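Step one of this worksheet: look at the structure below.
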Amino acid sequence: MKTKTLLAGLGLCLLSACTTAEKEFDAERALDYCDKQVHRTLEELKEAGGGTIDYTMMPRNIADSLNTWHCRKATKEEWCAGFWPGILWYDYEYTGDEAIRREAEKFTASLKFLSETPAFDHDLGFLVFCSYGNAYRLTNNPEYKQVILDTADTLATLFRPRVGTILSWPRNVELFGGHNTIMDNMINLELLFWAAKNGGNPYLADLAISHADKTMKYHFRPDYTSYHVAVYDTLTGDFLRGVTHQGYADNSMWARGQAWAIYGYTVMYRETKDPRYLEFVQRVADVYLERLPEDYVPYWDFDDPAIPDAPRDASAAAVVASALLELSTFTQEERSKHYRAAAVKMLESLSSEQYQSRKSKPSFLLHSTGHKPAGSEIDASIIYADYYYIEALLRLKKLEDAENVHS
Ligand code: GLY
């Protein structure tokens with residue numbers, strides 16, 4: 001009896017030590033910080049417009065040497081235009097601040113044209129699901145729903161049945177010598193699933209599954225690291241080669257590409273509950289986790305020979321943190337704890353003095369790398385890093401809130 005009581009006491013102790021360790025990272029504090037930076041950005045955008053905001057201009061990046069946002073017009077070519085509206089919706093979700101909601105509505109409206117024009121490329125999911133997807137989730141406004149449904153149909157026009165995947169970059173068929181599908185495209189499948197389940201054509205889900213299955217088969221090396229681009233024969237659909245576009249080399253593990261894969265196959269499991277995806281995503285995540293530096297923020301490419309003097313990619317860390325928090329809810333016991341602890345460690349690092357912009361800039365984070373081979377956005381603040389950072393913080397807070405209710 002005495003032994004039993006002792007063991008029970010020890011168990012409780014271990015449990016509370018674990019909870020205290022996790023509590024050392026304060027998601028709410030980080031979310032409060034994000035809210036402050038959102039207000040700073042809005043002020044900056046207002047000042048830049050002489051007192052009025054141009055809602056068609058979206059914050060995109062802040063170079064290492066600068067301290068104000070470089071904004072880009074919301075056009076069909078600007079793949080990042082949905083992240084800033086998405087950040088505003090997440091900030092509204094956290095704060096309930098109606099003034100932020102009004103700003104979110106106005107920036108979101110600037111993307112409606114995407115549902116009314118032919119597809120430029122696969123990025124429609126990033127553009128419309130981060131903005132309108134969150135808008136509808138939080139408001140149930142039927143106008144938002146229609147934009148999402150129409151955009152999903154537009155994205156589906158890029159699906160090529162002979163290959164079985166979406167043609168990610170129609171403009172680059174000649175450049176790559178065939179039908180190209182990029183790993184980033186995995187993120188845009190969520191839009192198709194959502195539409196299929198919410199009044200759109202159910203066939204959209206079949207397209208997403210076909211795309212994910214073919215990608216699973218050809219887009220990864222035997223060690224589960226991914227190519228950035230898979231090139232397929234346009235007519236036969238045969239896999240021709242795996243190459244890079246934004247990574248160090250054709251055979252290297254480009255950090256954000258692997259991050260998109262982890263996020264994308266976690267969504268595949270959520271949407272289908274097919275155990276093949278769950279099994280697969282764990283392998284894809286594990287090879288990434290095994291090779292991380294100590295602070296869990298990857299170098300921009302895991303195989304850059306310049307490491308440890310190569311730039312980091314905080315955006316990949318934010319994407320993976322968010323994905324692992326969801327993956328931790330699909331896995332059991334030790335695995336679940338492992339993914340959750342890794343995600344918390346990523347968020348801890350990203351929330352440290354080293355990675356948060358704090359007073360220096362209005363962005364949330366520093367040290368992301370966009371397109372190193374093109375010499376673009378190296379060691380910069382980039383809007384999608386901020387988007388996945390606030391998403392991950394909210395996911396962690398929701399997990400903690402749910403656990404507190406049940407404890
Ligand atoms: N989707 C492009 C990138 O990840 O940079």
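The values are calculated or read from the model by the stated rules, or taken from the named source; none is laboratory data. Keep in mind that this is a model prediction, so the values were computed, not measured. Counting neighbours? That spans all protein chains shown, and the Cβs are built from the backbone with ideal geometry, glycine included. SASA here: full protein model, heavy atoms, side chains in, ligands and nucleic acids out. Shrake-Rupley method; radii C 1.70, N 1.55, O 1.52, S 1.80 Å.
Just a few scattered comments:
Conditions (1) at pLDDT below 95; (2) surrounded by fewer than 23 Cβ atoms within 10 Å (Cβ to Cβ); (3) of a type outside the set (A, V, I, L, M, F, W, C), marked per residue:
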| site | (1), (2), (3) |
| --- | --- |
| ALA99 | no, yes, no |
| THR108 | no, no, yes |
| LEU124 | no, no, no |
| VAL128 | no, no, no |
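- Only listed residue being hydroxyl-bearing (Ser, Thr, Tyr) and open to solvent by 20 Å² or more (accessible area, probe 1.4 Å), chosen from THR165, THR139: THR139
- Subset of the range 56-75 (residues that are part of a loop (DSSP other than H, G, I, E, B) and surrounded by fewer than 18 Cβ atoms within 10 Å (Cβ to Cβ)): THR56, ALA63, ASP64, SER65, LEU66, ASN67, THR68, THR75
- Out of ASP223, ASP213, ASP206, ASP274, sole residue that is more than 16 Å from the ligand (Cβ to nearest atom), modelled with pLDDT of 95 or more and more than 30 Å from GLN146 (Cβ to Cβ): ASP223
- Residues that are of a type outside the set (A, V, I, L, M, F, W, C), in contact with a strand residue (DSSP E or B) (Cβ under 9 Å, 6 or more places away or on another chain) and under 23 Å from SER352 (Cα atoms), drawn from the range 296-335: PRO298, TYR299, ASP301, PRO308, PRO311, ARG312, ASP313, SER315
- ARG283 away from the ligand (no atom under 15 Å from the Cβ), modelled with pLDDT of 95 or more and part of a helix (DSSP H, G or I): yes
- Filtered residues of the range 17-55 (kept if modelled with pLDDT under 60 and open to solvent by 60 Å² or more (accessible area, probe 1.4 Å)): CYS18, THR19, THR20
- Residue tally, condition away from the ligand (no atom under 16 Å from the Cβ), open to solvent by 20 Å² or more (accessible area, probe 1.4 Å) and charged (D, E, K, R), over the range 358-399: 5
- Counted residues, the range 290-303 - those being in contact with a helix residue (DSSP H, G or I) (Cβ under 8 Å, 6 or more places away or on another chain), more than 21 Å from ARG340 (Cα to Cα) and part of a loop (DSSP other than H, G, I, E, B): 2
- Selected residue (criterion: most open to solvent (accessible area, probe 1.4 Å)) from residues of the range 340-357 that are out of contact with any helix residue (DSSP H, G or I) (no Cβ under 6 Å at 6 or more places or on another chain) and not in a helix (DSSP H, G or I): GLU353
- Among (1) within 18 Å of the chain's Cα centre (by Cα); (2) closer than 22 Å to ILE62 by Cα; (3) hydrophobic (A, V, I, L, M, F, W, C) - the single one LEU396 does not satisfy: (2)
- Inter-residue pairs, beta-carbon under 6 Å, first under 12 Å from LEU207 (Cβ atoms) and in the range 178-194, second within 14 Å of the ligand (Cβ to nearest atom) and not charged (D, E, K, R), 6+ apart: ASN185/HIS122; ASN185/ILE166; ASN185/SER168; ASN188/HIS122; ASN188/GLY125; LEU191/GLY125; LEU191/PHE129
- Scanning the range 163-208 for residues that are hydrophobic (A, V, I, L, M, F, W, C), part of a helix (DSSP H, G or I) and either closer than 16 Å to PHE239 by Cα or over 24 Å from the mean Cα position of the chain (by Cα) (or both) gives VAL173, LEU175, PHE176, MET183.
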